[in-house]
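Have a look at the structure below before the remarks.
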Amino acid sequence: MRYAILAGGKRVRPILCLAVCELVGGEERLAIPAACSVEMIHTMSLIKDDLPCMDNDDLRRGKPTTHKVFGENVAIHSGYALLTLAFERLTEADVSSERIVRTVKELAKAIGTKGLVAGQAMDLSSEGSGQNDVGLLEKLEFIHVHKTGSLLEASAVIGGGSEEEIEKVRNFARCIGLLFQVVDDILDVTKSSAELGKTAGKDQIAGKLTYPKVLGLEKSKEFVVRLKNDAKEHLKGFDSEKVKPLIVLTNFIANRNN
Ligand code: GRG
């Protein structure tokens, strides 16, 4: 568990959670455990994603994957243990039970059949889809909105806020969730393994659906610009100073190199 979570990583999800908490004046007593929980959940999903029965990856965060170092059984157990620890930590937060239950529900929804699991299942079953198959773009969006967007969205909305603020933040997070994955797909074809800390071009080779494959590289890059602008639109109405960390995060996601 320590090997996987302390291997590095950009910490985008916990940063998003804390930045939203600061923006809306949420409860730090919940935001800190929630930020740690989303990173544990994210790391669990990376461990599982790398397994031989899924993407069969040798490298993650620039290091050998958990199953390569410790074996598949330890990798599977550490994933489940991180997942359960994430919820255990949340229940210990010094806030009202109502807030905790709401946060637990949001995260559970983001992981299961309405989130990560749905995206991953569709992703694996779409391997080998032909470029001319109908509904490819819709399928691709489904995969990314669930596989990547759902946890980013949950990370943002558990930061707190009024119903109206949560709605705006949710729309913002939906845009950066998709943005994140379109950029990921572009990096997969434009960067080397050393630059990415993982196997470059693997999704292409595995016959997975990716934005460059469906839209082409240039149109994918145009989509990045559109999503970045849409994301920032949803932040209008918030305090212009307090919103700056989220703008910086959006630019980072759009311009990142790994
Ligand atoms: C077992 C309940 C259960 C769920 C897991 C395996 C799975 C279901 C889902 C896969 C989810 C997955 C790996 C999505 C990819 C998301 C993504 C873009 C990962 C890379 O995120 P970064 O770039 O990674 O933020 P770092 O290393 O920087 O944290």
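See the values below:
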quantity	calculated
Residues located in the range 234-249, provided they are loosely packed, with under 13 Cβ neighbours inside 10 Å and at pLDDT 95 or above	Val248
Subset of the range 18-35 that is in contact (Cβ under 8 Å) with a residue 24 or more places away in the chain and not hydrophobic (A, V, I, L, M, F, W, C) - its residue that is nearest to the ligand (Cβ to nearest atom)	Pro33
Single residue of the range 93-117 satisfying the filter (surrounded by fewer than 18 Cβ atoms within 10 Å (Cβ to Cβ) and in contact with a Phe, Trp or Tyr (Cβ under 9 Å, 6 or more places away or on another chain)) that is farthest from Asp58 (Cα to Cα)	Val104
Wholly enclosed helices (runs of 4 or more DSSP H) of the range 81-150 bearing at least 2 residues within 16 Å of the ligand (Cβ to nearest atom), farther than 21 Å from Asp184 by Cα and not polar (S, T, N, Q)	97-111
Given (1) more than 24 Å from Cys175 (Cβ to Cβ); (2) outside any loop (DSSP other than H, G, I, E, B), index of the condition Gly8 fails	(2)
The one condition in (1) free of Cβ contacts under 8 Å to residues at least 24 places away in the same chain; (2) within 13 Å of the ligand (Cβ to nearest atom); (3) not hydroxyl-bearing (Ser, Thr, Tyr) that Ile15 fails to fulfil	(1)
Residue within the range 58-69 that is of a type in the set (Val, Ile, Thr), away from the ligand (no atom under 13 Å from the Cβ), more than 22 Å from Val157 (Cα to Cα) and at pLDDT 95 or above present	yes
Residue in the range 54-63 that is exposed (fewer than 13 other Cβ atoms within 10 Å of the Cβ) and either free of Cβ contacts under 8 Å to residues at least 12 places away in the same chain or outside any helix (DSSP H, G or I) (or both) present	no
Yes/no for Val38 being more than 15 Å from the ligand (Cβ to nearest atom), in contact with a helix residue (DSSP H, G or I) (Cβ under 8 Å, 6 or more places away or on another chain) and aliphatic (A, V, I, L, M)	no
Single residue of the range 64-92 satisfying the filter (surrounded by 17 or more Cβ atoms within 10 Å (Cβ to Cβ) and polar (S, T, N, Q)) that is farthest from Ser37 (Cα to Cα)	Thr65
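The values are calculated or read from the model by the stated rules, or taken from the named source; none is laboratory data. Everything numeric in this text was worked out from a predicted model, so none of it was measured. No Cβ is skipped: glycine too gets one built from the backbone with ideal geometry, and neighbour counts run over all protein chains shown.
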